[in-house]
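First comes the structure, then the notes that go with it.
Each value in this text was obtained by applying a stated rule to the coordinates, not by laboratory testing. Remember, predicted model here, so these are calculated numbers, not experimental data. Reconstructed Cβ throughout: ideal geometry from the backbone, glycine too, with neighbour counts over all protein chains shown.
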Amino acid sequence: MDNTRLVKNYAVSLFSSAVTVGVQDKIMSELQAIEKIFTTNMECKSLLCTPVVSKTHKLRLVNIISQYLLVDSMVTKFLAIVVNNARFNLFSDIVLFYYKLLNDSKNIKLATVTSSGSLQLNIQDQVKNYLESLLQLQLEIKFYFDPEIVGGLVIEYDHCLLDCSIAGVLNKIEKITNKLGS
């Protein structure tokens with residue numbers, strides 16, 4: 001089942017509330033801290049997602065996490081709503097969508113750069129500066145590596161794909177020769 005609309009509704013609701021009080025960056029940091037707990041402790045997230053555990057116990061766990069992290073009451077109330085609606089399985093996607101909303105509000109576009117090997121920090125900075133200059137956008141870039149691209153870079157931003165990899169060029173050549181051969 002596609003939960004895109006649900007994820008968007010939860011994220012937009014929280015973001016709108018955060019903007020009203022001017023705490024959208026703080027809320028993002030707190031959501032990331034909570035998400036980090038769930039990625040390092042899968043049992044904790046499983047407890048909040050399983051229908052076997054009562055909502056009372058889930059809410060208790062949410063309150064313990066909130067107190068431990070000293071999160072804003074807005075986040076605690078939001079988590080309670082997500083738990084009460086049995087939607088905690090969507091939490092990671094909600095955090096990602098909130099992050100997108102926050103970056104959009106700052107006119108920052110998310111991008112990924114994939115290379116055949118790990119890039120040094122100074123090279124990452126050069127790639128970022130070049131892309132921001134070329135695209136006339138402020139970018140937040142995540143760098144990945146995939147040895148299958150052989151060499152070069154694959155850049156994704158704002159639903160666009162720029163494949164400057166050797167594997168990408170070879171694939172294009174193959175498609176052209178296949179068209180010519182048929």
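Things worth noting here:
- Segments 77-90, 40-53 sorted - mean Cβ within 10 Å per residue, highest first: 77-90, 40-53
- Helical segments meeting 18 Å axial Cα length and Kyte-Doolittle 0.5 threshold in the chain (DSSP H): 4-21
- Virtual spin-label span in nm between Lys77 and Lys179, 7 Å along Cα→Cβ: 5.7 nm
- Amide H partners (placed H, <5 Å) of Asp146, local residues excluded: Ser115, Ser116, Gly117
- Distribution of pairwise C-alpha distances over segment 37-99, 5 Å bins, in %: 4, 18, 30, 32, 15, 2, 0
- Where a label projected 7 Å from the Cα of Asn107 along Cα→Cβ would reach, residues of segment 150-177 with amide N under 18 Å: 158
- Approximate shape of segment 118-182 as ellipsoid semi-axes (Cα gyration tensor, √5λ), whole Å, largest first: 28, 15, 9
- Averaging the Cα positions of each part gives two centres, and for segment 125-157 and segment 31-92 these lie 34 Å apart.
- Rg over Rh, two decimals, the chain (C-alpha only, Kirkwood Rh): 1.09
- Net lengthening on full extension, Asp125/Val53 (0.36 nm per residue, minus Cα-Cα): 21.2 nm
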